[in-house]
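Chemist: Input: one structure, supplied below.
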Amino acid sequence: MKLGPLQWVRAAAVLVAILLLAGCFTKRKDEGARLYAQRCASCHGEQGEGLRRLIPPLAGSDYLAQHRSSLPCQLRKGLAGEIVVNGVKYNQLMPGNESLTDSEITNLLNFVQTSWGNKGEVWTIREVADELQYCGGARGL
Amino acid sequence: MISSVFRRAVHVSLLALTGTILFPACSSKNAPSETATHLPYYGDRAMQPEPISGPADTIFTVPSFTLTNQDRKTITNDTFKGKIYVTDFFFATCPSICPKMQSELLRVYEKFQGDPRVLFLSHTIDPAHDSIPVLRDYAERLGIKDASRWHFATAPHDTIFSLARAYMTGAMEDATVKGGFAHSGTFALVDPQRHIRGVYDGMEPSQVNKLMQDIPVLLKEIEAEKQTAAR
């Protein structure tokens, strides 16, 4: 079958409609970046730079690799007490994010692991869910 | 032919008219402040009874205060005599807006670090937790070594909260927010006569830039007044 100009237009319109519709279902695109801006940037900085000796940086932070397995639970439960990041001691309470789902934590972690020059090992949702077993268990997608 | 020329002319003039209407609307927003030689006065004006001259229109004045800073020194209005200062309200364990707000104020501090006429005053709204050692640690972690330039101050709760109102900052206890206190990230600019001359949202870099433009304007105004007084 040969398509006339009208059919082509129709086909194109259908294709555009499908693409637009798909866009509606990919709200999770850039979820990590969005969550970071909402929940982390005010303290850790828009570029993950931290704040002097008050708030540790996330960009170029050696802590992320050294404490990789405890990161999911830290995001959910928060963190208190002294930590050392890039040789500097920090002691500021970090609030938890109890409402974040496992997949949101995964997206957030992967945003941090791959932003501002960070080239950390990315997480799978399975890995994150496994770690979250140590702090109250999975909370769905 | 005539009608098309006419139509064209109408189009063009309409476009020009819209342009003239819209253009100032876009550009005038910040323009006056850049050329202003005087800053406005903030706060409610009150008619005060004057025994001799009759009721007088009085500009809002920051009330008298006594606070303690991170060096355990008592600070009062006199500490800021002949100076201008910028205030804000924070607490050390604040997980929401404070770090962003303090990093913005740090930007202002660093710009005017070399000018002893400009001071900074941060009040804790959580005096129960933020003891003097906590305030000192906080200041040092921010990189502030000279307490006489940037005071991190505490006082009884009621004093702080009424000062927050005076400096046009919303601050209250609120168990529903993270950290237990709700407050706005307002910076207030105060002149040597204890009048508020600028109020800025410390969470908005553009407004903090405006503060950095306003400080030299206020300094110039003060120098001009000094010269008139000396004459």
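Chemist: With respect to the numbered conditions (1) within 14 Å of chain B (Cβ to nearest Cβ); (2) closer than 23 Å to A:Leu132 by Cα; (3) out of contact with any strand residue (DSSP E or B) (no Cβ under 9 Å at 6 or more places or on another chain), which one is the sole condition not fulfilled by A:Val88?
Modeler: The failed condition is (2).
Chemist: Something else about it: For residues in region B:124-173 being in a strand (DSSP E or B) and at pLDDT below 95, which is farthest from the chain's Cα centre (by Cα)?
Modeler: The residue in question is B:Glu173.
Chemist: Here's another thing I want to ask about it. Considering only region A:33-46, I want to know if a residue exists there that is assigned to a loop (DSSP other than H, G, I, E, B), more than 14 Å from every other protein chain (Cβ to nearest Cβ) and small (Gly, Ala, Ser).
Modeler: no
Chemist: Which of the residues belonging to region A:63-82 are over 14 Å from the mean Cα position of the chain (by Cα) and either within 11 Å of chain B (Cβ to nearest Cβ) or hydrophobic (A, V, I, L, M, F, W, C) (or both)?
Modeler: A:Ala65, A:Gly78, A:Leu79, A:Ala80
Chemist: Tally time: how many residues in region B:139-165 are within 14 Å of B:Leu119 (Cα to Cα) and of a type outside the set (Asp, Glu)?
Modeler: 9
Chemist: Among the residues of region A:100-141, what is the count of those that are assigned to a loop (DSSP other than H, G, I, E, B), farther than 22 Å from A:Ala37 by Cβ and of a type in the set (D, E, K, R)?
Modeler: 1
Chemist: Same structure again: Can we say A:Gly78 is in contact with a helix residue (DSSP H, G or I) (Cβ under 9 Å, 6 or more places away or on another chain) and small (Gly, Ala, Ser)?
Modeler: no
Chemist: How many residues does region B:134-164 contain that are away from every other protein chain (no Cβ under 11 Å), over 17 Å from B:Phe65 (Cα atoms) and in contact with a Phe, Trp or Tyr (Cβ under 8 Å, 6 or more places away or on another chain)?
Modeler: Summing the residues that are away from every other protein chain (no Cβ under 11 Å), over 17 Å from B:Phe65 (Cα atoms) and in contact with a Phe, Trp or Tyr (Cβ under 8 Å, 6 or more places away or on another chain) in region B:134-164 gives 3.
Chemist: Looking at region B:89-104, which of the residues that are within 10 Å of A:Cys43 (Cβ to Cβ) and part of a loop (DSSP other than H, G, I, E, B) is nearest to the other protein chains (Cβ to nearest Cβ)?
Modeler: B:Pro95
Chemist: Quick check, is A:Gly96 closer than 27 Å to B:Ile97 by Cβ, modelled with pLDDT under 95 and not hydroxyl-bearing (Ser, Thr, Tyr)?
Modeler: Here the answer is yes, as A:Gly96 does meet what is asked.
Chemist: Inspect all residues belonging to region B:188-197 and state whether any of them is assigned to a loop (DSSP other than H, G, I, E, B) and at positive phi.
Modeler: Checked region B:188-197: at least one residue is assigned to a loop (DSSP other than H, G, I, E, B) and at positive phi.
Chemist: For region A:91-103, enumerate the residues that are surrounded by fewer than 16 Cβ atoms within 10 Å (Cβ to Cβ), among the polar types (S, T, N, Q) and touching a strand residue (DSSP E or B) at 6+ places or on another chain (Cβ under 9 Å).
Modeler: A:Asn91
Chemist: Is it the case that A:Gly60 is assigned to a loop (DSSP other than H, G, I, E, B), away from every other protein chain (no Cβ under 12 Å) and modelled with pLDDT under 95?
Modeler: The answer is no for A:Gly60.
Chemist: Here is a further query. Applying the selection to region B:105-123, what residues are within 14 Å of another protein chain (Cβ to nearest Cβ) and either touching a Lys or Arg at 6+ places or on another chain (Cβ under 6 Å) or over 15 Å from B:Tyr167 (Cβ atoms) (or both)?
Modeler: Scanning region B:105-123 gives B:Leu106, B:Arg107, B:Tyr109, B:Glu110.
Chemist: Name the residues in region B:181-209 that are crowded, with 19+ Cβ neighbours inside 10 Å, of a type outside the set (A, V, I, L, M) and closer than 26 Å to B:Ser96 by Cα, would you?
Modeler: B:Phe181, B:His183, B:Gly185, B:Thr186, B:Phe187, B:Gly198, B:Tyr200, B:Gly202
Chemist: Condition first: in a strand (DSSP E or B) and in contact (Cβ under 8 Å) with a residue 40 or more places away in the chain. Now tell me which residues in region B:70-88 satisfy that.
Modeler: B:Ile75, B:Ile84, B:Tyr85, B:Val86, B:Thr87, B:Asp88 - these are the residues of region B:70-88 that are in a strand (DSSP E or B) and in contact (Cβ under 8 Å) with a residue 40 or more places away in the chain.
Chemist: Separate question: In this structure, does B:Ile84 turn out to be surrounded by 14 or more Cβ atoms within 10 Å (Cβ to Cβ), within 12 Å of chain A (Cβ to nearest Cβ), within 30 Å of A:Glu46 (Cβ to Cβ) and of a type in the set (Val, Ile, Thr)?
Modeler: no
The values are calculated or read from the model by the stated rules, or taken from the named source; none is laboratory data. Owing to the predicted nature of the structure, the values given are computational and were not obtained by experimental measurement. For neighbour counting, all protein chains shown are included, and Cβ atoms are generated from backbone atoms with ideal geometry for every residue, glycine included.
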